[in-house]
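One structure is given here, and the rest of the page talks about it.
The values are calculated or read from the model by the stated rules, or taken from the named source; none is laboratory data. In this text, all values refer to a predicted model and were calculated from it rather than measured experimentally. With ligands, DNA and RNA removed, areas are computed over all heavy atoms of the protein, side chains included. Shrake-Rupley method; radii C 1.70, N 1.55, O 1.52, S 1.80 Å.
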Amino acid sequence: MGKAYPEKLLICEHCDTVYRRRVLERGEVARCALCAAELERHHLLSVNAMLALILTAAIVFVQANLWPIVTLGLSGQHSSTTLWGVILAMWREHSQIVSVLVAATLFFFPLLKMSLLGWLLWFARAGRRAPGFVPLMVILHRLGPWTMSEVFVLGALVAIVKAHTYFEVTADPGIYAYAALTLLITIFAGVDLRQLWNENLESAA
């Protein structure tokens with residue numbers, strides 16, 4: 001039954017009920033009739049649109065890591081730092097665990113997620129299956145909770161407000177770049193990665 005048209009079937013991940021897939025209209029969400037779990041929703045973003053957003057996020061990511069995030073002033077002296085300046089300062093102050101976690105969640109994990117998505121979408125755009133498709137999709141699923149740019153932006157804003165009592169504090173372009181990156185990551189967080197599975201099935205059929 002599933003060999004001829006595998007892309008026409010939809011299986012509930014919670015109760016394993018099998019349905020025939022149909023094209024959803026804008027705003028529609030398919031739910032399981034037995035357990036009410038979400039099966040699929042209409043995708044507003046095409047593969048080309050997602051790839052364009054990935055490239056935009058990559059550019060913003062570079063800017064966020066190169067530009068200073070905050071400048072502190074005291075008695076006429078000013079000092080600014082980038083994200084990696086903060087990470088290295090924490091390492092030198094014997095907070096190695098915290099510095100490694102910050103580097104992983106704010107740099108390496110987002111960079112890996114964007115790279116993997118870009119790789120998969122590049123091939124999906126051409127109607128081809130990317131090499132290593134299945135393990136890369138699993139890695140993307142595992143990476144989901146570990147990209148914490150939004151936590152960093154909120155924490156940085158709170159720190160800026162509190163530090164303003166003692167220092168002259170200026171928010172630099174890096175923090176705005178991270179805010180834009182957070183918005184882009186939030187958009188991607190709402191994208192159902194099963195769309196890539198569907199694109200892969202359609203290109204393989």
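Can you tell me the length gained on complete extension of the stretch ILE97 to TRP122, counting 0.36 nm per residue apart and subtracting the Cα distance? Please report the intermediate quantities before stating the final value.
On the way: separation 25, 0.36 × 25 = 9.00 nm, distance 3.55 nm.
Full-extension gain reported as 5.4 nm.
Restricting the calculation to Cα positions, tell me the Rg (one decimal) and the Dmax (whole number) of the range 69-147 in Å.
18.3, 61
Starting from 0.36 nm per residue, how many nanometres of slack lie between TYR176 and GLU13 once their C-alpha separation is accounted for? Working shown, then result.
Values: separation 163, 0.36 × 163 = 58.68 nm, distance 3.88 nm.
Computed gain between TYR176 and GLU13 is 54.8 nm.
Kirkwood hydrodynamic radius, computed over distinct alpha-carbon pairs, for the range 12-138: how many Å, to one decimal?
About 18.8 Å for the range 12-138.
Can you tell me the length gained on complete extension of the stretch LEU66 to LEU143, counting 0.36 nm per residue apart and subtracting the Cα distance?
Full extension of this stretch gives 25.3 nm more.
Accessible area per residue of the range 94-133 at 1.4 Å probe, in Å²? Write out the running numbers ahead of the final one.
Working: 2240 Å² over 40 residues.
Per-residue accessible area for the range 94-133 comes out at 56 Å².
Give the long-range amide H neighbours of ARG31: residues separated by 5 or more places, or on another chain, with amide H under 5 Å away, using H modelled in the peptide plane at 1.01 Å from N.
Distant-sequence amide H within range of ARG31: LEU39.
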